[in-house]
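The next block holds one structure in the form of structure tokens; read it before the comments.
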Protein chains: 4
Amino acid sequence: DRPFTVAGRTFNSRLIIGTGKYKSYAQNAEALAASGAEIITVALRRVNLSDSSQPMLVDHIDPKKVTFLPNTAGCFTGEDAVRTLRLAREAGGWNLVKLEVLSDPKHLYPEMEETLRATKLLIEDGFDVMVYCSDDPVYARKLEDAGACAIMPLGAPIGSGLGIQNPVNIRLIIEAAKVPVIVDAGVGTASDATIAMELGCDGVLMNTAIAEAKDPVRMARAMKHAVIAGRESYLAGRMAKKRYADPSSPLAGLI
Amino acid sequence: DRPFTVAGRTFNSRLIIGTGKYKSYAQNAEALAASGAEIITVALRRVNLSDSSQPMLVDHIDPKKVTFLPNTAGCFTGEDAVRTLRLAREAGGWNLVKLEVLSDPKHLYPEMEETLRATKLLIEDGFDVMVYCSDDPVYARKLEDAGACAIMPLGAPIGSGLGIQNPVNIRLIIEAAKVPVIVDAGVGTASDATIAMELGCDGVLMNTAIAEAKDPVRMARAMKHAVIAGRESYLAGRMAKKRYADPSSPLAGLI
Amino acid sequence: DRPFTVAGRTFNSRLIIGTGKYKSYAQNAEALAASGAEIITVALRRVNLSDSSQPMLVDHIDPKKVTFLPNTAGCFTGEDAVRTLRLAREAGGWNLVKLEVLSDPKHLYPEMEETLRATKLLIEDGFDVMVYCSDDPVYARKLEDAGACAIMPLGAPIGSGLGIQNPVNIRLIIEAAKVPVIVDAGVGTASDATIAMELGCDGVLMNTAIAEAKDPVRMARAMKHAVIAGRESYLAGRMAKKRYADPSSPLAGLI
Amino acid sequence: DRPFTVAGRTFNSRLIIGTGKYKSYAQNAEALAASGAEIITVALRRVNLSDSSQPMLVDHIDPKKVTFLPNTAGCFTGEDAVRTLRLAREAGGWNLVKLEVLSDPKHLYPEMEETLRATKLLIEDGFDVMVYCSDDPVYARKLEDAGACAIMPLGAPIGSGLGIQNPVNIRLIIEAAKVPVIVDAGVGTASDATIAMELGCDGVLMNTAIAEAKDPVRMARAMKHAVIAGRESYLAGRMAKKRYADPSSPLAGLI
């Protein structure tokens, strides 16, 4: 396998996990260890990174050992997102970031016009920008042309656990992309992650699927294996499906 | 996790692989090692177990280290199957066996009346019988009542790689069974195995999915992780799916 | 289109509806009219056919205009089923019947050994027997060999509304059958019926999908169109699916 | 049912068909009659509307009886599309139009930034604009806010026949829209149309599914019934699905 490289950094694990909805930072850290992930994404608006009078993530997960990927969850305009990431860079020196510009709280889909605009602003400003986006192949291409270092299409609404809804779009994005494609949002169970990787994705990001499992640490371990399984399966090249239709019957091609 | 136990024998791996369609016994052995499987099923009618003037499976895979599971692939009557297994027991001492009694070569589905009859004959004769069967929950119950030590419903036609066609039936079989349930036939890719395990199966048996992958050894490794991922995911308990339907709209419950 | 003929009787409509779970016989009759069905199946153990002190089905639906198809719903042994149908023949002269021999009340799947046995008894006794059965192509063949005049595999558990779970099996049954194949059980909504017919079924039988819709009469009308749509679509021969995979990429054939 | 009204015009049929890929205008006219459609969409760049030395569509389909809906298929910029529709209005007086601004010829997905821009230009210019768009609910809302008189999300790539890939997105668009939502592109067979309508769409537009069926006229008739079936089924309100999971088992909610 070729290494998984984003913005010049190379990782062994193709799984990225989050920091929301865990019972505690301690549980989050335990899940991280079980998952084997080397990148953890941190919602700048929700995670305590600086107030040492309160529990802090960094007391449990060491940013020298794990790549922190700040994200702009909760931002609904490009300006908000850009401001949030600039503050984070000043405070923590983070340059590799994940951009999210959301639209309607009902489904938390990305606002793609704003997302593209903010991507351009951040790249001008020197950031390496991984971008949460819709699964529209046309916009994925625009983000790459604008300089995004990773394309992160949603598989289904954030927090829905519905699995990849549109494998055709994910595949079209992968076929056209020269930067890593990481499915972000929608994974609900291990097989969803395996399916994402079998489509040829470079990685998978998930939060709720682990944090809201009955046993989050065990599910984190499941996801570690699921991502490896999907990657290896993709590289191995699956057998052809056989249809058992009599080619001379009107049923041929029906199924 | 509770151990995976069949007929009193306990295994760490929940994956069973086959011995058909490999380029050579050497490749088969390499795939076995990559898969982590501890049981290998051997078609008594196709695999050379005794003619030392020809390449022999046992020169590559050591029956002292790996459990050989003789099967009756290619048998179309109960008598055939019973005779084949008796000869094998006399020759090799194998008592734990996998019964297959096939019907039409077009789809290789089991002949369930003959299968049940042969199961009873073999059990009377002292065998521990794992049984390849349709996914009919009624017949699965009959096989268990007759004394089968494992129920092995097909997920899809042998060699089709179509994945599990009827998860409802597999689930009904699992809910009712007190002996292990092992999906046998139909797996085509890693996510199919993960899905089978997420349904609560105790194990998965596959042959073509590994042997006919472009890189069989790599696919064997994928399957090792896929089975672990599915088992851990099942035990961890997945998050609830969220539907995003407005409960007051006529769409609620549609999807 | 060739006519839809069962046991020598020819029908214009390929939809068969039931008599259970309606609010009243009047509503049942209205749904029948909206559905365009010419056959209605009648559970001999549940429908009042003879006690004129109570509401009677025949006061609302005229057996001279609509073919009554007596069925053995609620019978759990072959003897029960045979006795029930003999009584019905003596009382009403019905010779064309639908056999159901059920197993576990949890899923109401047919008991196939008993079903096959009862089929043979009824045929010896001069009945024309349409048979509710599992979707096992091997048993479908046995029923046809025994003289069944229609094969009626389930699409999903009775009353589940889950739609056809295993199109591969339904297709295998259709390809092998010389008598009509009618999907019986599992349809939940109009598109399920269309899909059944697109597979090449000769007809569809449903009860709950209509009777438990919010507006049963309207759903009956939907089903009329759904069955015609599926039949015409099957006969018209659908366009080929296009996959958009770059044939030179490792994704080809993945989706 | 409430009437199907677009830009103040009311129609009985909720099916819109196209004018591409037919063997002849005569066959197109025959398919139109069989389909019951009252709107036919006409690719201004491909269909001969004015050169009377060649076969003309209007010799076969009377624009006084059928609503012609000019579309901009083949336009890859907003300017192209706007210019094309202005010329058409001058020539034929058409004010109700369907806008398509495409991106990559590989998948023919809409270019949504250009599409939104062109929508605004056309509305300023007095057109009633129905808009072919991606299934992104955020963009669907923008188009409606800009004044589009119908939102026409794709179900799958044009000409693919893959059926609706993302019912979640189509449903989110429908729940939020106050103008008609018409699935445009992706239907391959009758059940695909039924499914689209069961989601609550106001209508379906298709071309290849009819024109490339083996028997286009018969498939047109199938589609007429499929759309009615789906609409009636949606209005009738389907039965609840039943899952048969033992609620006390770890399988509950898995399927």
(message) If I ask for residues that are surrounded by 15 or more Cβ atoms within 10 Å (Cβ to Cβ), over 23 Å from C:Gly159 (Cβ atoms) and touching a residue at least 40 places away in the same chain (Cβ under 8 Å), which ones from the stretch C:49-77 would you list?
(response) C:Thr67
(message) Condition check: without any contact (Cβ under 8 Å) to a residue 24 or more places away in the chain and more than 20 Å from C:Ile182 (Cβ to Cβ). Does C:Asp125 satisfy that?
(response) no
(message) C:Val97 - would you say it is farther than 28 Å from B:Leu108 by Cβ and β-branched (Val, Ile, Thr)?
(response) yes
(request) Please note which strands (runs of 3 or more DSSP E) are completely contained in the stretch A:1-101 and include at least 2 residues that are more than 19 Å from A:Lys224 (Cα to Cα). (result) A:39-43, A:67-71, A:96-99
(message) Which of the numbered conditions does C:Ala29 fail, given that it passes all the others? Conditions: (1) in contact with a His (Cβ under 7 Å, 6 or more places away or on another chain); (2) open to solvent by 30 Å² or more (accessible area, probe 1.4 Å).
(response) (2)
(request) Report yes if some residue within the stretch C:78-95 is under 14 Å from the mean Cα position of the chain (by Cα), surrounded by 14 or more Cβ atoms within 10 Å (Cβ to Cβ) and of a type in the set (Val, Ile, Thr); otherwise report no. (result) no
(request) Out of the residues in the stretch B:233-242 that are touching a residue at least 12 places away in the same chain (Cβ under 8 Å) and open to solvent by 10 Å² or more (accessible area, probe 1.4 Å), state the one that is nearest to the other protein chains (Cβ to nearest Cβ). (result) B:Arg238
(message) Where the second residue is open to solvent by 10 Å² or more (accessible area, probe 1.4 Å) and in a helix (DSSP H, G or I) and the first is under 14 Å from C:Ala222 (Cα atoms) and among the hydroxyl-bearing types (Ser, Thr, Tyr) and lies in the stretch D:187-212, which pairs have Cβ atoms under 8 Å and are six or more apart or on separate chains?
(response) D:Ser191/C:Ile195; D:Ser191/C:Glu198
(message) Condition first: surrounded by fewer than 17 Cβ atoms within 10 Å (Cβ to Cβ), in contact with a Cys (Cβ under 9 Å, 6 or more places away or on another chain) and of a type in the set (A, V, I, L, M). Now tell me which residues in the stretch A:1-26 satisfy that.
(response) A:Ala7
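Per-residue answers, yes or no, for (1) within 10 Å of chain D (Cβ to nearest Cβ); (2) closer than 24 Å to A:Leu172 by Cα:
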| residue | (1), (2) |
| --- | --- |
| A:Gly93 | no, no |
| A:His107 | yes, yes |
| A:Glu113 | yes, yes |
| A:Thr119 | no, yes |
| A:Ile123 | no, no |
| A:Phe127 | no, no |
| A:Glu144 | no, yes |
| A:Cys149 | no, yes |
| A:Met152 | no, yes |
(request) Identify all residues within the stretch A:182-222 that are hydrophobic (A, V, I, L, M, F, W, C), at the interface with chain B (Cβ under 7 Å from one of its Cβ atoms) and over 14 Å from the mean Cα position of the chain (by Cα); write none if there are none. (result) A:Ala190, A:Ile195, A:Ala213, A:Met219, A:Ala222
(request) Please find, within the stretch C:32-48, the residue that is most open to solvent (accessible area, probe 1.4 Å) out of those that are among the small types (Gly, Ala, Ser) and touching a Leu at 6+ places or on another chain (Cβ under 7 Å). (result) C:Gly36
(message) Looking only at the stretch B:88-103, filter to residues that are hydrophobic (A, V, I, L, M, F, W, C) and closer than 14 Å to B:Leu154 by Cα; which one of those is modelled with the lowest pLDDT?
(response) B:Leu102
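The values are calculated or read from the model by the stated rules, or taken from the named source; none is laboratory data. For clarity, every value in this text was computed on a predicted model and none was experimentally measured. Cβ atoms come from the backbone with ideal geometry, glycine included; neighbour counts cover every protein chain shown. Side chains are part of the model used for accessible areas, which takes the heavy atoms of the whole protein and leaves out ligands, DNA and RNA. Shrake-Rupley method; radii C 1.70, N 1.55, O 1.52, S 1.80 Å.
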